[in-house]
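Trainee: Here it is: the structure, laid out below.
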Amino acid sequence: MLNRRRFLAWTATAAPLALQGNSLLSNNKPSLLEAKLAADSDDWDRIRSLFPLDRKTVFLNNGTMGVSPYPVLQASIDSLQDSATHARYPGHNDKLEKLLAETIGSDHDEVAITKNVSEGINHICWGIPLKKGDEIILTSHEHVGGCAAWLHRARLEGLSIKVVDLKPTADQTMEAIESAIGPRTRVIAVPHVPCTIGQVLPVQDICRLAKMKGIISVLDGAHPLGMLQFNLHEIGCDYYAGCLHKWALGPLGTGYLYIKKERLAETRCTHVAAYSLDTFNMNAQPPALGELVDSASRFSYGSFSGALIEGATAALEFYHTMGPARIEQRSLGLARILQEKLLALPVELEMLTPLEARSRGAQISFRLKDKSNVEFVQEARKQHIILRHVGENDIDCVRVSTHYYNNESDLEALLECLVAYAG
Ligand SMILES: Cc1ncc(COP(=O)(O)O)c(C=O)c1O
């Protein structure tokens, strides 16, 4: 298990540049000692100072994009600087894959680094052997990145799509999924946490059911990493596509793909290049291609940005320094407080995020009854409160994400703004 000692590793690597005053980061960043003390403390204001996010911004949209703390920026900048100064090509190393696998409860050779969730979902969707008439179960709460590949493949190849609604409790959602399964269902592809209302789906039960019925399970994991603790071997899914640039607070453009070991051989790998195979020879007759590497990393290929990989690695190290259990408790705790306060407001609203603790994560979505939701989000932005309007699938609601760097005064600012708009 990882622990805060990892912070020392960050301190050791970040220190030389920072001390030389060579860094491109602003001088406002905390000293290394201050950063370490803050991360180790339970003083959330002090922890907030580890983020360059400006003070006047109330950022409640981590579900779209995480804001990185200083150590993550520093790692990315160091990498760029190193590359530019020493003309160094960022060679492939598996440090991120290993740390990620340890974090998500998979084996090292079951993960590939991607640029985002959409890329991972595409690898999965186009990699699973399917034929005309096969049915895929999706939900009515998909993000375009979670469903577009399936809809596109269905259109091109005559697959059939069945859409399931989410229900207010985990048991009811399970019932809805179970009753949607038919004789031609080949894949259940659902979000672990949808972008719309932040509901935590009972993924372990869903994957167990799928396995029992011989159905492939695919999870869109855009949100959980960095918010919830989870273990993919315990969940039991066949495929999982996640990212490091939301709740894990890594740089934008960093994602991952998990393929259960037993599924690797049957998963068609359509995109290959450097790192995904061992050799090739254009002078052989006929030209020869070596074998694909014997791990999910065959799905990562070609040159990549060292700055993104180093930033994502630092983000996971920072996550472990802060403590996954502490982060989960804090971010979900803020969401629970927000939900309770919203329900007590003198404002006509419909709470869309489940009240059931098991189904609630760190995002709360609600719909104003007689006022425009999109205009409220715009109005809040004028006051530097950043929210997300969810327009997808005609859901039309306001989504609030609460991460550990938020605090109760952020929630108060939002509630005040809401009462002024709709009270
Ligand atoms: C549930 C869900 N799936 C997929 C995506 C797409 O993610 P990416 O932009 O990393 O491809 C998002 C992005 O917000 C999302 O919320």
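Trainee: So which residues in the stretch 265-293 are in contact (Cβ under 8 Å) with a residue 40 or more places away in the chain and either part of a strand (DSSP E or B) or on the phi < 0 side of the Ramachandran plot (or both), if there are any at all? Steps first, please.
Mentor: As a first pass, look at the stretch 265-293 and keep what is in contact (Cβ under 8 Å) with a residue 40 or more places away in the chain: 266-271, 275.
Glu266, Thr267, Arg268, Cys269, Thr270, His271, listed by residue number.
Trainee: Of Glu119, Glu135, which residue is of a type in the set (Asp, Glu) and within 15 Å of the ligand (Cβ to nearest atom)? I'd like the intermediate steps shown before the answer.
Mentor: Values: Glu135 fails: within 15 Å of the ligand (Cβ to nearest atom).
Being of a type in the set (Asp, Glu) and within 15 Å of the ligand (Cβ to nearest atom) holds for just one of Glu119, Glu135, which is Glu119.
Trainee: Among the residues of the stretch 104-158, write down those that are of a type in the set (Lys, Arg) and either closer than 26 Å to Met174 by Cα or more than 23 Å from the chain's Cα centre (by Cα) (or both).
Mentor: Narrowing the stretch 104-158 to residues of a type in the set (Lys, Arg): 115, 131-132, 153, 155.
Lys131, Lys132, Arg153, Arg155 - these are the residues of the stretch 104-158 that are of a type in the set (Lys, Arg) and either closer than 26 Å to Met174 by Cα or more than 23 Å from the chain's Cα centre (by Cα) (or both).
Residue-wise test of (1) among the hydrophobic types (A, V, I, L, M, F, W, C); (2) under 16 Å from Thr402 (Cβ atoms); (3) in the same structural domain as Thr173 (by TED's automatic domain parsing).
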residue: Lys341; (1), (2), (3): no, yes, no
residue: Pro354; (1), (2), (3): no, yes, no
residue: Ile364; (1), (2), (3): yes, yes, no
residue: Gln378; (1), (2), (3): no, no, no
residue: Arg381; (1), (2), (3): no, no, no
residue: Ile386; (1), (2), (3): yes, yes, no
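Trainee: Pairs, please: C-beta under 7 Å, at least 6 apart or cross-chain, first residue farther than 18 Å from Tyr239 by Cα and in the stretch 119-144, second within 13 Å of the ligand (Cβ to nearest atom)?
Mentor: Here the result reads Ser140/Asn393; His141/Leu166; His141/Pro191; His141/Pro194; His141/Thr196; His141/Ile197; His141/Asn393, each pair linking the stretch 119-144 to a residue that is within 13 Å of the ligand (Cβ to nearest atom).
Trainee: Follow-up question, since we're still on this one. Based on this model, can you work out whether Gly66 counts as within 16 Å of the ligand (Cβ to nearest atom) and either touching a helix residue (DSSP H, G or I) at 6+ places or on another chain (Cβ under 7 Å) or not in a helix (DSSP H, G or I) (or both)? I'd like the intermediate steps shown before the answer.
Mentor: Details: within 16 Å of the ligand (Cβ to nearest atom): yes; either touching a helix residue (DSSP H, G or I) at 6+ places or on another chain (Cβ under 7 Å) or not in a helix (DSSP H, G or I) (or both): yes.
Spelling it out, Gly66 is indeed within 16 Å of the ligand (Cβ to nearest atom) and either touching a helix residue (DSSP H, G or I) at 6+ places or on another chain (Cβ under 7 Å) or not in a helix (DSSP H, G or I) (or both).
Trainee: Please indicate, with yes or no, whether at least one residue in the stretch 174-195 is within 24 Å of Asp396 (Cβ to Cβ) and more than 13 Å from the ligand (Cβ to nearest atom).
Mentor: Yes, the stretch 174-195 has at least one match.
Trainee: Okay, next question. Which ranges mark the strands (runs of 3 or more DSSP E) fully within the stretch 294-410 that have 1 or more residues being in contact (Cβ under 8 Å) with a residue 60 or more places away in the chain and under 19 Å from the mean Cα position of the chain (by Cα)? Break it down stepwise before answering.
Mentor: On the way: elements: 349-351, 363-368, 388-390, 397-401.
It comes to 363-368, 388-390, 397-401.
Trainee: Further, regarding this structure: Residues Cys125, Cys147: which one is of a type outside the set (Ser, Thr, Tyr) and touching a Lys or Arg at 6+ places or on another chain (Cβ under 6 Å)? Quick ask: steps written out before the conclusion?
Mentor: On the way: Cys147 fails: touching a Lys or Arg at 6+ places or on another chain (Cβ under 6 Å).
Being of a type outside the set (Ser, Thr, Tyr) and touching a Lys or Arg at 6+ places or on another chain (Cβ under 6 Å) holds for just one of Cys125, Cys147, which is Cys125.
The values are calculated or read from the model by the stated rules, or taken from the named source; none is laboratory data. All figures in this text were calculated on a predicted structure; none of them were measured in a lab. Here the Cβ is made from the backbone with ideal geometry for all residues, glycine too, and neighbour counts use every protein chain on show.
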